[in-house]
1. Is segment 8-53 rounded, prolate or oblate when judged by the Cα gyration tensor, a ≥ b ≥ c being the square roots of its eigenvalues, rounded requiring a/c under 1.5 and prolate requiring a/b larger than b/c?
2. Can you work out the Karplus-derived ³J(HN,Hα) for every residue in segment 37-47? Use 6.51 cos²θ - 1.76 cosθ + 1.60 with θ = phi - 60°, whole Hz, and x for glycine or proline.
3. Using a Gaussian network model of the chain with C-alpha springs under 10 Å, which one of T125, T16, T137 is most mobile by mean-square fluctuation?
4. Which value results when the Cα radius of gyration for segment 38-141 is divided by 2.2 N^0.38 Å?
5. When DSSP beta bridges are limited to those with both residues in the chain, what percentage is antiparallel, rounded to the nearest 5?
6. Running a GNM on the chain with Cα contacts under 10 Å, which residue among N78, N32, N126 ends up with the highest mean-square fluctuation?
7. Show me 6-13, 141-148 ranked by packing, highest mean number of other Cβ atoms within 10 Å first.
8. Would you pull out the residues with amide H under 5 Å of L63's amide H, same chain only if 5 or more places away, H placed 1.01 Å from N?
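All of the numbers you see were taken from the coordinates with simple rules; none came from a lab. All values derive from a computational prediction rather than experimental measurement. Note: ideal-geometry Cβ built from the backbone for every residue, glycine included; neighbour counts use all protein chains shown.
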Amino acid sequence: MLINIDPILGPEVLHTLRAMGHGDKLILCDSNFPAYSMNSVVHRLDGVDAAKAAKAILSIFPLDSFIEFPILRMQIDNKPDELNDVHKEIIDVTRSVAGDNWKIGSIERFMFYEEAKKAFAIITTNETRPFGCFILTKGVVKPDGTVWVLDK
């Protein structure tokens, strides 16, 4: 066991998150997302919803301050500005774990699929609510262990 690391993050997930570099993209998706046909690196977090997975991941994953939206949510079809409960939960989790200075943008569903094919890895959850899919872009960790936050 390790201290201060959520136990839902198993060795394979931890290895993947550590191997990623600045600008690499991680897909966090719901149980309906076709993860295995999108990417060759897929990790399952069975029994975990999107918010719980995001809380664990964001506790150790630096977000990218060099881009406007280090997290993108999958848009609801024909309702690009609508936020569902999963989106709202991820916004709340991001604020509570990573801080208030991170913006969450949106991306159209089929564009999301294209980005998933290029992502470093996919983590699939047991989230059953639709459109519970997100792209997280990895940031930079400074020598003192804090996350690099670019002054904008």
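1. Oblate.
2. These are the phi-based 3J(HN,Hα) values: 8, 9, 8, 7, 10, 10, 10, 9, 10, 5, x Hz.
3. T16
4. Compared with the compact-globule rule of thumb, segment 38-141 sits at 1.00.
5. On the way: 10 of 22 bridges.
Bridges in the chain that DSSP calls antiparallel: roughly 45 percent.
6. Ranking N78, N32, N126 by mean-square fluctuation puts N78 first.
7. Peptide ranking by packing, descending: 6-13, 141-148.
8. G139
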